[in-house]
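Down below is the structure, laid out as structure tokens.
The values are calculated or read from the model by the stated rules, or taken from the named source; none is laboratory data. Treat the numbers as computed from the prediction; the structure is a model and nothing was measured. Positions of Cβ are backbone-derived with ideal geometry, glycine not excepted, and every protein chain shown enters the neighbour counts. These accessible areas exclude ligands, DNA and RNA; they are computed on the full protein's heavy atoms, side chains included. Shrake-Rupley method; radii C 1.70, N 1.55, O 1.52, S 1.80 Å.
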Amino acid sequence: MDDEYAKLIRRMNPPRVVIDNDACEDATVIQVDSVNKHGILLEVVQVLTDMNLVITKAYISSDGGWFMDVFNVINQDGKKIRDKEDIGYIQRRLESNASFVPSLRGSVGVMPSEEHTSIELTGSDRPGLLSEVCAVLTDLHCNVVNAEIWTHNARAAAVVHVTDDATGCAIKDPKRLSKIKELLCNVLKGSNDLKVAKMTLSPPGITSRERRLHQIMFADRDYEKVEMVGLGRHEDKSSRPHVTVLNIEKDYSVITMRSKDRPKLLFDIVCTLTDMEYVVFHGMVNTGRMEAYQEFYIRHVDGLPISSEAERERVIQCLEAAIERRASEGLELELCTEDRVGLLSDITRIFRENSLCIRRAEISTKGGKAKDTFYVTDVTGNPVDPKIIDSIRQQIGQTKLQVKHNSTLSPKPPQETTMGYLFGNLFRARTFKLIRSYS
């Protein structure tokens, strides 16, 4: 009855969205007012993220029964959103409850779509892993049409969309799917891996691919620290995210995060908090030229703040992992060429033969064209020798493979004390609460 009553209240009070290009000099301001429910912050942030909007600032308030958030956003070119069609589309997406992607709980199903079969993979990360996976799929007559691969803390996860290379349709035969699972699990299983390698099938459209990757890696406990033995890599601790959790008020735990700014950072953090069943009641986000600062007042869904040192440490580890999983580590390479069966297998084989390690990858195919992005280092995690990149580009094609960005050459963000950030922003958060209470 309570659930039905809550649905009735939401239907009677649909979300109200105001998009303003005059309130801020350098960003479009989007204000969302709605009946509050668990997960609504993630739903709104995901809509903005799916539109490839960059959130530069945000003010969050969802205490009580109402959700009131303000987002400053810009497009990928750093400009305001001025196109009327884009503004109308954003407004419709945010105002329609049906547009919000529902939360996915528990295990995923085994139902392929008509267009492709969605495969989820987890296992031990190692140099050449993606090449081996692609080689197996090619031998099994599977064509990779879209994929996203993340690595973190010696673990690897991927969501891969494949089709039958002869028909171009989804693979539905249970025996064939069982064979694919058996061979991929053999590849994913590391020689010293105490964790079980997994391959599951998931129905597309239930949740975003990026959220599934967070859920897969969280379930795989990639946030647990791993000692990397035998690698000559120097870890720069100054570039790591800084997360603190303090219970400075009776009813809330206050999380502060400082890290290098990047696209989709807020989505990654809110996604993790939501899947860990924490609720953000108040918060603020502020990004500078290089650094992002975020502060959230949270409680668990049971209404209690973080209550033990073990829980506090786990929250810190999980948020650090959420920030690091999608960090653009290494050299960014972009491949644009005509798509064909076995293309990804050939490209990743060339990378492996030249001792490149793929840290993250985004694979997409549209209109017969392949557009793939790879973030690569050498096998020890250090920058790749430019001569090796030149050699690889000659093999693949100078115009087909382009060097886009090298994160190892990016300047470091300025270092500031956590407490200086904390108390300054606590004041701003309370000022914001006070203004909201009188508006």
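When 350, 389 are checked against the criterion of being at pLDDT 75 or above, part of a helix (DSSP H, G or I) and more than 23 Å from residue 145 (Cα to Cα), 389 stands alone in meeting it. Answer yes if at least one residue in the stretch 255-277 is under 15 Å from residue 40 (Cα atoms), in a strand (DSSP E or B), in contact (Cβ under 8 Å) with a residue 24 or more places away in the chain and not polar (S, T, N, Q), and no otherwise. No, every residue in the stretch 255-277 fails to be under 15 Å from residue 40 (Cα atoms), in a strand (DSSP E or B), in contact (Cβ under 8 Å) with a residue 24 or more places away in the chain and not polar (S, T, N, Q). Residues in the stretch 92-124 that are modelled with pLDDT of 50 or more, open to solvent by 40 Å² or more (accessible area, probe 1.4 Å) and part of a loop (DSSP other than H, G, I, E, B): 96, 114, 115. The single condition among (1) open to solvent by 60 Å² or more (accessible area, probe 1.4 Å); (2) modelled with pLDDT of 95 or more that residue 149 does not satisfy is (1). The set of residues in the stretch 52-67 that are at pLDDT 90 or above and either surrounded by fewer than 22 Cβ atoms within 10 Å (Cβ to Cβ) or of a type in the set (A, V, I, L, M) (or both) comprises 52, 53, 54, 55, 56, 57, 58, 59, 60. If you go through the stretch 299-312, how many residues are among the β-branched types (Val, Ile, Thr) and over 20 Å from residue 223 (Cα atoms)? Summing the residues that are among the β-branched types (Val, Ile, Thr) and over 20 Å from residue 223 (Cα atoms) in the stretch 299-312 gives 1.
Residue-level check: of (1) at pLDDT 65 or above; (2) among the hydroxyl-bearing types (Ser, Thr, Tyr); (3) more than 24 Å from residue 127 (Cβ to Cβ), residue 238 misses just (1).
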